[in-house]
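Notes to accompany the following structure.
The values are calculated or read from the model by the stated rules, or taken from the named source; none is laboratory data. Here the structure is a predicted model, which is why all the values come from computation and not from measurement. So basically every Cβ, Gly included, is an ideal-geometry build from the backbone, and we count neighbours across all protein chains shown. SASA here: full protein model, heavy atoms, side chains in, ligands and nucleic acids out. Shrake-Rupley method; radii C 1.70, N 1.55, O 1.52, S 1.80 Å.
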Amino acid sequence: MAQSFRKERTRERIAHLEVIKNQADVRPLKKPLVIALGIFTFIVYLLTLHPTVGGGDAGELTVAASRVGIVHPPGYPLFCILGKLLTFLPFGTVAWRVNLLSALCDTGAAVLLFLSVTEWTANVWAGFLAGGLFAFSPLIWAYAGLAEVFALNNFFAAGLIYLSVRYHTSRDRKVALFATFFWGLGLSNHHTLLFYGAPCLAWMLWSGRQQLLNVKTLATMAGLGLLGFLPYLYLPIASSHVPVVGWGNETSFSGLLRHFLRAEYGTLKLGTEQTGNEGELARRIYLYLRFVPEQLLYVLPALSVWGIVSGWRNERWAPITRLWAITACVYVFVFSVLSNIGIEVPLSVSVQSRFFQMANIVVFLFAGIGLATAMRTFSWLNVKLAATFVICAVLLQVGLHYKKLDFHDDWTFADYGHSILNSLPDHSILIIQGDHCFGVLNYLQQSEGFRKTVHVLDQNYMTYDWSRRWMTANYPDVNFPDPGFYGRAGFGIKDFLDVNLSRDPAHADGKFQVFVLNGIRPWDDTYKKTYKLVRMGMVEKFAPIDEPLVTSDWVAKNADILKGVDVEKLRKWGEEDWEFQVMKEYLQSRFVFGTDALNLGTSHGNDPYLLNVGVQSLRSIESLYRPPNPFLYKNLGIAYMGLAKSDIKAVPMMIDSFQRYLSYNPGDPEAPAIRGTIASYQQKH
């Protein structure tokens, strides 16, 4: 059996060397080209890197890395460890240093793709095409400059492909052993690697069964795989110190297993709740297929198809072609089945599309193989012509997407966090909703030491039974009512306010001023009988329901706070971007403040001062809504109608506002009354 295996291995190696011999004129370029690809990719990533904290999970991951904390399940310990190492760099913000990890990882993934295709085809220009187009495809590039776990996952996925190609050409036992350890290590970052590692290792065991299927080798592979999981020891170690950002209690085995299995999210699910609709499987798969052309300059997916077909028909390369083509298809299908995030809004589509990156690696692999096949098929496609095509394609990929993916001056979330924290007094509590705002505010406080006198509490965190351990350790002067967690079966916001809200402006009672960002959960409205929310710029302040409102102070405070947002910088972001969420929150703050001002003015005998404040606030955001907000025009119409009672000049603006509203929302039940109002004023004036 051993002799038969050696003969088979020798035949395969001779066949591979024959291919290399036929491509001898390009082999000397392998080393300089792979170095050039790596340097060029990293420099471009460096020039476009986020300078500070970004949206999504970036804030949470950055704080966990810099402060040895624990992020949401499954914890991503390898990312946190590597991110911590980069925080020791002596330059850049803390977030910039952790963002750098993604740039390094996607650069490594591009290099590994180059090496995989070159090993497969003995064609360096095919390898350069695969690695270069991958590196600067919009989906990959968008996450190559941000503290997220996807770039590190790309590195491991590309590494598994490279190791499988190496094993296919060499049948080296050491390659299979290292692949097992490499897979285990990758799983300590992201569990989706299971979908690539399991079929890859199974294929190695089957194709090399004469060499690998023995007790000693299998035991060694199992041990190396478990060794790769060692970074998970980070979780109980970090949890024992109750870090400033934490999740769960991993000091016990059951707590560690619960976190590893993502039990609170639902194992193999994306979120804690079902937000998608039934029957969306076909739509999710179509969503992926719709993304692919843009990643490959729209016309080059044909190369990927050709690469798969040619590899499938090639007796030597058919096994590994089938491995990765089927694996990628199964991954897209299974992920689409398991995904429970809705895809009705652009941001949700963006969240879902992050997971397409791993499938795209295979698409770019076969694009490179497709080019190599074309060079063998068409005699006119010589090396010089192919090299020119590849360089132009990669540069075109960079040029098309550079402006959109240049984040080097994107301070959106840092500015957003600063404006919120600066608006709050010392010794106050801010209750928030939303991963992006919690991550950003925690980053500014815990990683940069900014305004730590404000206690930021996340409603989602507080719903878990383990949260009391984390919250009491980090906020010892805040009172958390029994039974210790927020929810229907726990305490409500009213209970929290009863023991924490200060009624003394000087805080002599040792309590706090309490604010909320992005509202309170709809089910929890019992506080409304005792407390009210007063708009204070981007946040709202809890106050006793009978506390009088000093309107001049309220107007001045809101006007001052809302000046802290640079709207012009926010205009360029689309609805699929996290930065657009900041724009939405700014618009909502302005809209609510303007509406509250005109409602207050109407209830005070059509007070012109308050009505004009409302009009100015609403007019300031009119052009920023995409698409227009119909209710803005309805509210403007109401404000102008109040002003028209003392100023006839307001009548045309009232009519124009109401007519615009009706053009956007003709089915409003109040539409007949609004038309009657318009007709009445038109007859009088």
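Annotations
- Hits in segment 375-387 (condition: more than 37 Å from the chain's Cα centre (by Cα) and among the aliphatic types (A, V, I, L, M)): M375, L381, V383, L385
- Selection over segment 213-237 of residues that are buried (at least 19 other Cβ atoms within 10 Å of the Cβ) and either at pLDDT below 95 or out of contact with any helix residue (DSSP H, G or I) (no Cβ under 9 Å at 6 or more places or on another chain) (or both) gives a count of 0.
- Looking only at segment 64-79, residues that are under 19 Å from R258 (Cα atoms), open to solvent by 10 Å² or more (accessible area, probe 1.4 Å) and assigned to a helix (DSSP H, G or I) come to 1 in all.
- Scan of segment 121-138 for residues that are open to solvent by 10 Å² or more (accessible area, probe 1.4 Å) and either over 19 Å from the mean Cα position of the chain (by Cα) or closer than 17 Å to R166 by Cβ (or both), ordered by number: W125, F128
- Scan of segment 278-322 for residues that are within 24 Å of V390 (Cβ to Cβ) and not in a helix (DSSP H, G or I), ordered by number: L296, L297, Y298, V299, L300, N314, W317
- No other residue among D465, D482, D477, D498 is assigned to a helix (DSSP H, G or I) and open to solvent by 20 Å² or more (accessible area, probe 1.4 Å) apart from D498.
- Condition broken by R451, with the remaining ones in (1) among the basic types (K, R); (2) closer than 30 Å to F195 by Cα; (3) not in a helix (DSSP H, G or I) satisfied: (2)
- Single residue of segment 656-673 satisfying the filter (free of Cβ contacts under 8 Å to residues at least 12 places away in the same chain and not in a loop (DSSP other than H, G, I, E, B)) that is least open to solvent (accessible area, probe 1.4 Å): A671
- I520 vs. criteria touching a residue at least 60 places away in the same chain (Cβ under 8 Å), in a helix (DSSP H, G or I) and either loosely packed, with under 14 Cβ neighbours inside 10 Å or of a type in the set (V, I, T) (or both): no
- Those residues of segment 590-608 which are part of a helix (DSSP H, G or I) and either without any contact (Cβ under 8 Å) to a residue 24 or more places away in the chain or among the acidic types (D, E) (or both), in sequence order: D596, N599, S603
- Residue satisfying condition, being free of Cβ contacts under 8 Å to residues at least 24 places away in the same chain and either in contact with a Pro (Cβ under 9 Å, 6 or more places away or on another chain) or assigned to a helix (DSSP H, G or I) (or both), within set L46, L89, L61, L85: L85
- When segment 238-247 is filtered for residues that are aliphatic (A, V, I, L, M) and surrounded by 20 or more Cβ atoms within 10 Å (Cβ to Cβ), the ones remaining, listed by number, are A238, V245.
- Tally, over segment 180-212, of residues that are surrounded by fewer than 18 Cβ atoms within 10 Å (Cβ to Cβ), within 24 Å of the chain's Cα centre (by Cα) and farther than 21 Å from H259 by Cβ: 0
- Here segment 590-619 is the region considered, the condition is being among the hydroxyl-bearing types (S, T, Y) and in contact with a helix residue (DSSP H, G or I) (Cβ under 6 Å, 6 or more places away or on another chain), and the residue that is least open to solvent (accessible area, probe 1.4 Å) is S617.
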